[in-house]
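The values are calculated or read from the model by the stated rules, or taken from the named source; none is laboratory data. Model, not experiment: these values are computed from the prediction. All Cβ positions, even for glycine, are placed from backbone atoms using ideal geometry, and neighbour counts span all protein chains on display. Note: accessible area is taken over every heavy atom of the protein model, side chains too, but ligands, DNA and RNA are not part of it. Shrake-Rupley method; radii C 1.70, N 1.55, O 1.52, S 1.80 Å.
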Amino acid sequence: CYMSAYKFIIWPAGPVVVDQLATKHPISLIMGLAGIAATAAMGAVLGGTTSGKVCRGISAFLAGMMGVVQPCRMGQKFRSHRLEAFKSSVNDYTKRCHEGRAKRNLGYEVLFPPNVSIGDTVDKALIFYPGLLVDHMAYAKILGDLSDHGILVLLVNAEPSRLASEVATVDHLQRLRHEISTLMGITVKEWVVGGHSLGGMAAAALFSQRNFPSDVSRLVQWAIPGESSDLTKSSSLKSVLRISGSRDGIAKPLDLGGAHTRSKFPPKSEILFETIVGGNHAGFGHYGPQNFPVRDCDREGITLDQQQEKVVKVTAHYLLGGKKQQ
């Protein structure tokens, strides 16, 4: 938990926090960094004097707060805010397994489209990364519904840390594709990556990694709490679907608008936005309520099933070739 907390603060939370400060409070960010630098410099100039020791003590204290205390506090929250899947999602997955519509592989779940099994061909396949601290099985129900539309879905297991950025690497992506195509004999015409919340951020970060496969050009993001990667130089990313909930208490406050979002992606890429009116953050999976890192809002005028039905409809429409831009 503590090592994951350090990684979480460094990425993806760190860039999001700095990005928010730089955009909304640039003067505060500059003054804060200047203050720390000035304190450290003054300590160096004053040398062994009492004032110099005080300045160095303040710098050490600030460094300790950022480098030790805060990750420890975050580590405790990682332990106490783990979010388990609703039984409804697990039961739906179990039923699909009995019907031959799902299979558990090492590190991920496979959700098959109707009448598709080992040795067949599918048009689209989605590799999906779960949100922070969320049991990946919380997405089995909604992704199972997505597979009903003819899409092969690979649901990544991010245990034990439940931090998708620890598993979302190009090597991991290529291993999954190899196992599906070679070991299971399924031919996939197009691969897409995506995820919910920080899982969607981890999926986006893949496009900035070396040796990312050029044939993967689309990204699906559900309820993203900000931008953590500058993908403007990505040569493979061509299209992004971003779905949000109007009652999202976690991601919505960090949304800096469409113009800011577009500035993080390649200039010629297509970015499609869709808002689920009344939908909240946890409503993209079968879990909740969510109170970390902040409290999520309640859904308004919409049930969990209704929110997920709309999410599935928009996502399937996008993956299967349709376009809808807000």
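Kindly write out, for region 103-108 in residue order, the coupling ³J(HN,Hα) from the Karplus curve 6.51 cos²θ - 1.76 cosθ + 1.60 (θ = phi - 60°), rounded to whole Hz, with x marking Gly and Pro.
Those phi angles translate into 8, 9, 9, 5, x, 6 Hz.
What order do Thr182, Thr315 take when sorted by accessible area (1.4 Å probe), most exposed first?
Thr182, Thr315
Using heavy-atom solvent-accessible surface (probe 1.4 Å) with all chains present, what is the largest-first order of Asp215, Asp171?
Sorted by accessible area, descending: Asp171, Asp215.
Measure off 7 Å from each Cα along the Cα-to-Cβ vector at Lys103 and His178, then give the distance between these two points in nanometres to one decimal.
1.8
Please give the net charge around Cys97, taking every other residue with its beta carbon less than 11 angstrom from that of Cys97, where Lys and Arg add +1 and Asp and Glu add -1.
Net local charge, Cys97 excluded: +2.
Between Asn115 and Gln209, what is the spin-label point distance in nm, taking each point 7 Å from the Cα along the Cα→C-beta axis?
Simple spin-label model gives 3.6 nm for this pair.
Using a simple spin-label model with points 7 Å from Cα along the Cα→Cβ vector, what separation in nm is obtained for Val277 and Ser236?
3.8
Running Debye on region 256-326 with equal point scatterers at the Cα sites and no solvent, what base-10 log of I(q)/I(0) appears at q = 0.18, 0.21, 0.22, 0.28 Å⁻¹?
Debye output, listed in q order: -0.88, -1.03, -1.06, -1.17.
Taking a probe of 1.4 angstrom, what is the accessible area of Ile118 in Å², to the nearest 10?
Counting only protein heavy atoms, the figure is 100 Å².
Taking a 1.4 Å probe, which of His149, His136 shows the most accessible area, and what order do the others take after it?
His149, His136
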